[in-house]
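What follows is a short report on a single structure.
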Amino acid sequence: MQVIKSMNFYITTPIYYVNDSPHIGHAYTTIACDVMARFKRLDGYDVKFLTGTDEHGQKVDKAAKAAGIDPQEFTDEVSVRFRNLVNSGENLLNVTNDDFVRTTEERHKKAAQELWTRIKDNGHIRLDNYGGWYSVRDEAYYQEAELIEKNGQKLAPTGAEVEWVEEESYFFDLSKWQQKLLDFYEANPDFVTPKTRYNEVKSFVRGGKEFTEGALKDLSISRTTFDWGVPVPGDDKHVMYVWIDALTNYLTSTGFPDTDSDSYKKYWEDADNIHVVGKDILRFHAVYWPAFLMAAGLPLPKKIVAHGWWTIEGEKMSKSLGNAIAPKDLIDDFGVDQTRYFLMREVPFGNDGNFSRDAMIDRINSDLANNIGNLAQRTLSMIQKNCDGVVPQCKAQSAESSGLLGYIKDVFKDFDIADFRFDLAIEKIITASSRANEYLDEAAPLKLKKEGEMKEMGYVLYELAESIRQIAITLQPFTPIAAKKILLQLGYKEADFDNKYGGVAFEQLAAEFALKPGVSLPKPAGVFPRFEVAKKEAS
Ligand code: MSP
């Protein structure tokens with residue numbers, strides 16, 4: 001039996017800019033964090049899962065102005081679109097976030113100002129004049145040398161427009177942190193995953209292959225040309241640069257600046273705290289954020305996990321192509337479990353991925369409907385019809401290590417999502433289910449019945465039902481609705497899900513929790529319908 005751990009696990013999504021409409025890229029990060037949060041709860045961890053919206057900065061200010069409304073009113077209105085994806089609203093993605101931070105909340109402003117004050121008091125902020133390039137779309141400063149030229153126009157390396165800004169600004173002494181950051185990366189080789197991204201971050205801070213002193217420039221961290229931001233403590237003319245404000249959200253939710261609070265201690269000081277981000281915002285999380293925290297004298301997160309980007313039917317998602325897919329459309333068409341499953345199954349975390357309807361339909365039908373769904377439906381209806389709807393007797397050694405159950409026990413041994421490889425964890429589930437389907441065909445319980453081998457038939461059906469129980473337990477983080485339905489059909493009760501694990505804990509994969517012969521089961525119903533292309537696509 002697995003030992004229950006007392007470890008604390010804190011996982012965060014980036015906070016989303018409210019001016020954009022939610023799309024599949026946003027849904028992806030949020031679902032990945034939810035799968036991990038659910039997984040860790042089921043594994044006995046004390047979990048905190050945070051998401052939220054990034055509501056300050058010039059980009060949002062401009063969008064509010066374009067809409068002709070006050071930025072506060074604008075953000076109140078549009079942040080709802082992101083809240084509705086999660087547990088703080090309609091919960092379209094069926095996720096289990098424990099909090100939702102908006103950077104316009106008082107608790108957050110307090111946290112951001114306290115972080116600033118600590119950094120300033122430690123002597124790392126000075127007032128100076130800034131002259132340089134700024135991209136509103138990226139909310140990022142660029143050096144002349146980083147810019148690219150297109151049709152005679154200077155652009156950011158990301159292709160975004162840049163403008164020349166000159167203003168009085170507070171500066172953070174980032175240049176002084178080069179060696180300390182490099183030492184930190186060296187001492188914590190797992191700080192950034194995947195490894196390629198870790199190397200990329202290190203190389204950026206070193207200034208290339210050869211160490212270049214001064215590769216990191218001091219960072220302008222306040223603006224005076226607009227006022228939509230957190231006021232700089234003691235100097236209301238300035239608002240904070242949106243990234244120092246935004247990154248602080250991870251602390252806000254733990255109760256910071258109350259560093260004596262239980263939740264700060266538990267989830268910031270004494271947790272496996274992990275930020276999951278897209279590759280485009282890795283530099284902010286793996287370079288600026290640790291430097292800010294070191295300068296403030298605060299502990300650093302344990303890990304930054306960077307994922308790739310999704311394209312749609314082979315094309316980059318873009319406003320001009322109008323090809324962004326809203327999570328709601330996907331869920332309405334395919335179902336929430338199916339959407340979660342596809343996004344987690346399709347790409348090895350860290351790689352870029354491509355969304356195509358054909359691939360989605362193929363996964364739904366081959367993995368969920370034909371494989372897992374069919375196995376459950378066939379087995380449970382055979383038990384219903386041929387065993388009076390009661391869990392049949394098992395062979396004395398069934399729950400031990402022989403035959404199908406022995407095989408499945410091996411597949412699920414140390415079941416884990418190592419290195420955020422959701423695809424590999426799912427592969428294990430599919431391997432188990434495929435083997436069970438093969439066994440069903442080989443052992444042919446209905447043939448045994450015809451031959452009058454009722455006892456043998458019962459043994460086979462028991463092994464299959466117990467395999468399905470284990471498959472459903474491991475499926476819970478990925479497709480929570482269907483997994484629960486299957487478990488209810490195997491005799492579990494609502495109360496078995498309403499607990500600190502958020503479901504049937506992984507420790508119950510063990511043989512001592514195996515199905516009990518004689519327990520009567522409710523009538524089965526299919527959980528993973530086939531996606532019928534002709535019917536759906538024609539409508
Ligand atoms: N507000 C900042 C984050 C601040 S965190 C302290 C921000 N917001 S964002 O809304 O522009 O992006 C949020 C996340 O969505 C990023 O991690 C980004 O990588 C991700 N994605 C945006 N488009 C994406 C795809 N096409 N595919 C996958 N993820 C994508 O940046």
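Annotations
- Single condition Ser88 does not satisfy, out of (1) more than 15 Å from the ligand (Cβ to nearest atom); (2) of a type in the set (Ser, Thr, Tyr); (3) at pLDDT 95 or above: (3)
- With respect to (1) modelled with pLDDT of 95 or more; (2) more than 30 Å from Asn351 (Cβ to Cβ), the lone exception for Lys195 is condition (2).
- Filtering region 339-389 to residues that are among the basic types (Lys, Arg) and either at pLDDT below 95 or more than 21 Å from the chain's Cα centre (by Cα) (or both) leaves Arg357, Arg378, Lys385.
- Just so you know, in region 345-374 the residues that are aliphatic (A, V, I, L, M) and surrounded by fewer than 23 Cβ atoms within 10 Å (Cβ to Cβ) include one that is farthest from His26 (Cα to Cα), and it is Ala369.
- Residue that is out of contact with any strand residue (DSSP E or B) (no Cβ under 6 Å at 6 or more places or on another chain), assigned by TED's automatic domain parsing to the domain that holds Met382 and open to solvent by 70 Å² or more (accessible area, probe 1.4 Å), where the choices are Leu448, Leu440, Leu424, Leu461: Leu424
- For region 228-250, a residue qualifies if it is crowded, with 24+ Cβ neighbours inside 10 Å and in contact with a His (Cβ under 9 Å, 6 or more places away or on another chain), and the qualifying residues are Gly229, Val230, Val232, Met240, Val242, Asp245, Ala246, Thr248, Asn249, Tyr250.
- Test: residue in region 253-264 that is crowded, with 17+ Cβ neighbours inside 10 Å, of a type outside the set (Gly, Ala, Ser) and within 11 Å of the ligand (Cβ to nearest atom): no
- Residue within region 323-338 that is surrounded by 19 or more Cβ atoms within 10 Å (Cβ to Cβ), in contact (Cβ under 8 Å) with a residue 24 or more places away in the chain and farther than 16 Å from Ala27 by Cβ present: no
- Test for Ala296: is it in contact with a Leu (Cβ under 7 Å, 6 or more places away or on another chain), on the phi < 0 side of the Ramachandran plot and assigned by TED's automatic domain parsing to the domain that holds Glu186: yes
- Whichever residue in region 16-69 is assigned to a loop (DSSP other than H, G, I, E, B) and among the aliphatic types (A, V, I, L, M) and, among such residues, is farthest from the ligand (Cβ to nearest atom): Ile69
- Restricted to region 136-162, and to residues there that are open to solvent by 90 Å² or more (accessible area, probe 1.4 Å) and among the basic types (Lys, Arg), the residue that is farthest from Ala246 (Cα to Cα) is Lys150.
- Counted as qualifying within region 428-539 are the helices (runs of 4 or more DSSP H) with 1 or more residues that are β-branched (Val, Ile, Thr), namely 454-475, 480-489, 533-538.
- Test for Ala27: is it touching a Ser or Thr at 6+ places or on another chain (Cβ under 8 Å), of a type in the set (Gly, Ala, Ser) and either closer than 17 Å to Pro301 by Cα or surrounded by fewer than 24 Cβ atoms within 10 Å (Cβ to Cβ) (or both): no
Every residue, every condition in (1) within 12 Å of the ligand (Cβ to nearest atom); (2) touching a strand residue (DSSP E or B) at 6+ places or on another chain (Cβ under 6 Å), yes or no:
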{"residue": "His275", "(1), (2)": "yes, yes"}
{"residue": "Ala291", "(1), (2)": "no, no"}
{"residue": "Ile304", "(1), (2)": "yes, yes"}
{"residue": "Met317", "(1), (2)": "yes, no"}
{"residue": "Lys328", "(1), (2)": "no, no"}
{"residue": "Phe334", "(1), (2)": "no, no"}
{"residue": "Leu343", "(1), (2)": "yes, no"}
{"residue": "Val347", "(1), (2)": "yes, yes"}
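- Enumerated strands (runs of 3 or more DSSP E) restricted to region 122-213, each holding at least 3 residues that are of a type in the set (Gly, Ala, Ser): 125-135
- Tallying residues that are more than 30 Å from Asp61 (Cα to Cα), surrounded by 15 or more Cβ atoms within 10 Å (Cβ to Cβ) and among the basic types (Lys, Arg) within region 177-224 yields 3.
The values are calculated or read from the model by the stated rules, or taken from the named source; none is laboratory data. Quick caveat: nothing in here was measured; it's all calculated off a predicted structure. All Cβ positions, glycine included, derive from the backbone under ideal geometry; neighbour counts span all protein chains shown. For accessibility, only protein heavy atoms count, side chains too; no ligands or nucleic acids. Shrake-Rupley method; radii C 1.70, N 1.55, O 1.52, S 1.80 Å.
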